[in-house]
Amino acid sequence: MVVSIQGRVMEGISGRVPAESLWQSLLDRGRRAVFDRPAVRVDPIDVDDVQGFILRGYRMPMVRHLLLTVGVPEAARALLGRLVGGDEADVPQITTAKDWHVGFEPGPFDDPAGTPRVKPDYCLNLGITWPGLIALDVADHVPDLSFGSFAAFVAGAAERAHLVGDTGAGSPGNWVGGFGTGADHVLVTLHALGPGAMETYTDRLAELFTEGGAYRILSRHDGQALMEMRDGVAVPTSKVHFGYTDGISQTTIRGGPENYSADRQQPCEPWLFVLREEAENYSVPTPLQLGLNGSFAAFKIVETDIVGFECFLQANKDTIDPEFLAAKICGRWRNGVPLALSPDTDSPSGGIPSGDLNDFDYVNADGSGDQKGLRCPVGAHIRRINPRGQPVAGQGHPGGSNNSHRLVRRGMPYGPAYDPSQPYDGIERGLLGYFINASIENQYEFVLSQWVNGSEFAGAVRLDPDARDPMIGTQASNDSVFNIPRSRGAADIKATGLTTFVTTKAAAYCFLPSVTAVKFIAGLPQAPR
């Protein structure tokens, strides 16, 4: 991310494991998980069964998240069945990962010659919380129901908020929209190409939710790509409110349907994002028709303090140029050029092709590279969120993989673009979306607790004890500091006065069921009449 929202496993389904025991276990597992394994045959991903946003970026400029609470369980389950019934004329259908990318480069397993290839005007997906599964009466009807490897999902985001730094102003008691109350059952996500499609499908869904008392809408949360004028026309951008170009680093999944520019990172195994039986650190939820081809996600709404961020840059201008500090904080210049490739300017001589902006590492397999963070500080945002070859907690050796902790992010800004001429306009701005992963504990929670909010994540590189991710971390105290190393014996720059620039407004841990799973839930027995 740039605010990265654009990533073990405990047995049992309840109870709290001491954090120190959990993370030590994760560290041990992480060192063994995916390094130096012999090549194994990977069965194709069933893209017709997997929800689309797990594997594909929709590249649509608008999104709406509708949080629902279950009313009448039988009616609620029946409506879920209609969403995967294949009848578009009846109701909007859940979008799968099968190919429809007209206007974009086909993925490695798509058929470019296949016709017709029609990009829809909407995409629809859903997540179900553990209280949602209970409210749908799934546990009552399925005696062998088990999410034994997924204690975080069962406990929920509110119960585990402290593990990921959602404390103080970002704690569950301050969350909005009904999140964290136990009534947050189903999250329906609607992407659209434009406002007409967004309102048309929202109206249709709202009508469906009321049929038979199936659901009640608790809250609605909208996101939209930030716009800019090009040749007199407003067009969507990939920028976030902090001013950075986002979406440059993408997670490549082995056998996945999308093509991304080549970089130096190993592709991730599909079981890290799609629940599969060959997984090394979890057992698929049972019954298998419910668990297979699903996934999990942490949905979050975060408010970004743009004024505080810009004030911090200016407060340190006597020590370091504000734009240079912004680049050091993120690890990229605001135009997306990484410090690892261009540490001194955002416009290097000859330029850098867009396809090469993610093709770099911090520390190579032989130990060479930017170990001390002279080009890109070790504590910079993108280096924390994806350390690449840097030896860090949960990784093991220089040039190794941190794939067992990777995340897929599907996020979008909310609120209008920040206008520096009117900084105190009172308008809330932020980001909302999903961190998608197969293991919330080993991916989302690990990254947030150990890499983002930890001061010792980088092993031999000693950071200030109060150091956190300078952009998205929960700052420990007024003494928080961001350290910028310098070469040739020059003293490090210590930027002080950091505050928490990103505050959680809502969160939910969601199960992202496959099409087969949705049909399974819909097919559970109806109550006798």
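Structure values in brief
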| read-out | value |
| --- | --- |
| For Leu126, distant residues with modelled amide H under 5 Å away | Thr189 |
| Cα gyration tensor category, rounded, prolate or oblate, for the stretch 199-343 with a/c compared to 1.5 | oblate |
| Phi-based couplings in Hz for the stretch 196-206 (Karplus 6.51, -1.76, 1.60; Gly and Pro marked x) | x, 5, 4, 6, 4, 6, 4, 4, 5, 5, 4 |
| Filter on Lys98/Lys328; Lys239/Lys494; Lys372/Lys505; Lys98/Lys372 - keep pairs with C-alpha separation over 32 Å | Lys98/Lys328; Lys372/Lys505; Lys98/Lys372 |
| Per-residue HN-Hα couplings for the stretch 228-238 [Karplus 6.51, -1.76, 1.60; θ = phi - 60°; Hz; x = Gly/Pro] | 9, 8, 10, 6, x, 10, 6, 10, x, 10, 9 |
| Farthest toward positive dipole pole in the chain [+1 Lys/Arg, -1 Asp/Glu at C-beta], among His185, Gly426, Pro353 | Pro353 |
| Peptides 135-143, 515-523, 60-68 ordered by average Cβ neighbours within 10 Å, highest first | 60-68, 515-523, 135-143 |
| At 1.567 mPa s and 4 °C, Stokes D of the stretch 372-529 from Kirkwood alpha-carbon radius, µm² per second | 70 µm²/s |
| Label-point separation in nm, Ser421 to Ala491, each point 7 Å along Cα→Cβ | 4.1 nm |
| Cα lying deepest toward the dipole's positive end in the chain, options Pro44, Asn316, Ser283, charges on Cβ | Asn316 |
| Amide H contacts of Thr96 (H built 1.01 Å from N, under 5 Å, at least 5 apart or other chain) | Gly52 |
| Ellipsoid equivalent to the stretch 260-305 - semi-axes via the Cα gyration tensor, in Å | 25, 20, 8 |
| Relative packing of 328-335, 358-365, which averages over residues the other C-beta atoms within 10 Å, highest first | 328-335, 358-365 |
| At most 11 other Cβ within 10 Å, DSSP loop - GluC sites (Glu not before Pro), the stretch 221-319 | Glu277 |
| Residues with amide H under 5 Å from that of Tyr362, placed H, sequence gap 5 or more | Gly389, Gln390 |
| Rounded FRET efficiency, nearest 0.05, which uses the C-beta distance separating Asp359 from Ala139 and R0 of 60 Å | 0.80 |
| Rounded if a/c under 1.5, otherwise prolate or oblate - the stretch 114-186, Cα gyration tensor axes | oblate |
| Rotationally averaged projected area of the chain (alpha carbon convex hull; nm²) | 25.4 nm² |
| Distance between modelled label sites at Thr345 and Asp466, nm, 7 Å Cα→Cβ extension | 3.7 nm |
| Expected 222 nm ellipticity per residue - DSSP helices of 4 or more, -39500 (n - 2.57), all of the chain, to 500 | -5000 deg cm²/dmol |
| Karplus (6.51, -1.76, 1.60) ³J(HN,Hα), θ = phi - 60°, over the stretch 358-370, in Hz, Gly and Pro reported as x | 10, 9, 7, 9, 9, 9, 8, 4, 8, x, 6, x, 9 |
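Laboratory data are not the source of any read-out in this text; all were calculated from the coordinates shown. Bear in mind the structure is a predicted one, so any value in this text is a computation, not a measurement. No Cβ is skipped: glycine too gets one built from the backbone with ideal geometry, and neighbour counts run over all protein chains shown.
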